[in-house]
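Read-outs throughout are calculated quantities, based only on the coordinates presented, and are distinct from any laboratory measurement. Source: prediction; values computed, not measured. In this analysis, Cβ positions are derived from the backbone assuming ideal geometry, glycine residues included, and neighbour counts consider all displayed protein chains.
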Amino acid sequence: MSVRILALVGSLRSGSHNRQLAEAAVKNAPEGVEVVLYEGLASIPFYNEDIDVEGTTPEAATALRTAVTEADAVLFFSPEYNGTLPAVLKNAIDWLSRPYGSGALTGKPVAAIGTAFGQFGGVWAQDATRKAAGIAGAQVLEDVKLSIPSSVIRFAELHPADDAEVVEGLAKVLGQLSELEAATA
C-alpha cells in the first residue's frame, strides 16, 4: 500500500529553505511513501465567505481542496514570520477548513515541520500551524516534530537533501506520518 503525503510550503520565495526541505522530503521519501509538493498556494485569494459559494469558489481554492482530499496525509513546512506561521499557510488552512465540519482537512492526518533563521528553528510557527490545523478538524500528530535552526547558515551552501541529519529527520517524520495514516485507513 502506498501513502501519498501532500507537502504545503509556507514560504513563496523561490530560494526558500522550507521549500528545499520539502524537496528533500520528495527526494528521500521511504519506499511506499510518495511526497507531492503542492504548487499554487500563491494564487489562492484570501479566504472570504462571500466568494466561497458553490459554483463560484475560486479555481485555485478548489484545486487545493481537491489535492488535500486526494492525499492520505498533509505535511506543512513552515518558516516563522514574526513569531508565528506565515499568512499563506494560514490562508490555506482557512480554505481547507470549509465547509465547516466537513472541510478537506477534517480527520486528515497532518504534521508541521520546518526550518527558520532563529535558534529554535521556527517552533512557534509550527505550533501555531498545528493549532490552526487541529481547529480546522485535522488529526494533528502533536509528537511529530522537526525544527531545524539557523537555516541561513546551515543551508548557505548545502541543500537540505544533502544533509544526512536532515534526511534522517525527514525519514522519521515521513515514517510516523505514513504509519498513522495506515493505522487510520
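Within the stretch 82-109, the set of residues being assigned to a loop (DSSP other than H, G, I, E, B) and farther than 26 Å from Val166 by Cβ comprises Ser97, Arg98, Pro99, Tyr100, Gly101, Ser102, Gly103, Ala104, Leu105, Thr106, Gly107. Scanning the stretch 13-37 for residues that are under 16 Å from Phe117 (Cα atoms) and either assigned to a loop (DSSP other than H, G, I, E, B) or free of Cβ contacts under 8 Å to residues at least 40 places away in the same chain (or both) yields Arg13, Gly15, Ser16.
Taking helices (runs of 4 or more DSSP H) that fall entirely within the stretch 110-185, which contain at least 1 residues that are within 28 Å of Ser2 (Cβ to Cβ), of a type outside the set (A, V, I, L, M, F, W, C) and touching a strand residue (DSSP E or B) at 6+ places or on another chain (Cβ under 6 Å)?
Details: elements: 123-135, 151-154, 164-184.
Helices (runs of 4 or more DSSP H) meeting the threshold: 123-135, 164-184.
Return yes or no: is Gly114 surrounded by 17 or more Cβ atoms within 10 Å (Cβ to Cβ), within 12 Å of the chain's Cα centre (by Cα) and on the phi > 0 side of the Ramachandran plot? Taking the combined requirement at face value, the residue satisfies it.
Residue-level check: of (1) crowded, with 21+ Cβ neighbours inside 10 Å; (2) under 25 Å from Val33 (Cα atoms), His159 misses just (1).
Can you tell me how many residues within the stretch 2-12 are in contact with a Lys or Arg (Cβ under 8 Å, 6 or more places away or on another chain) and in a strand (DSSP E or B)?
Qualifying residue count, the stretch 2-12: 1.
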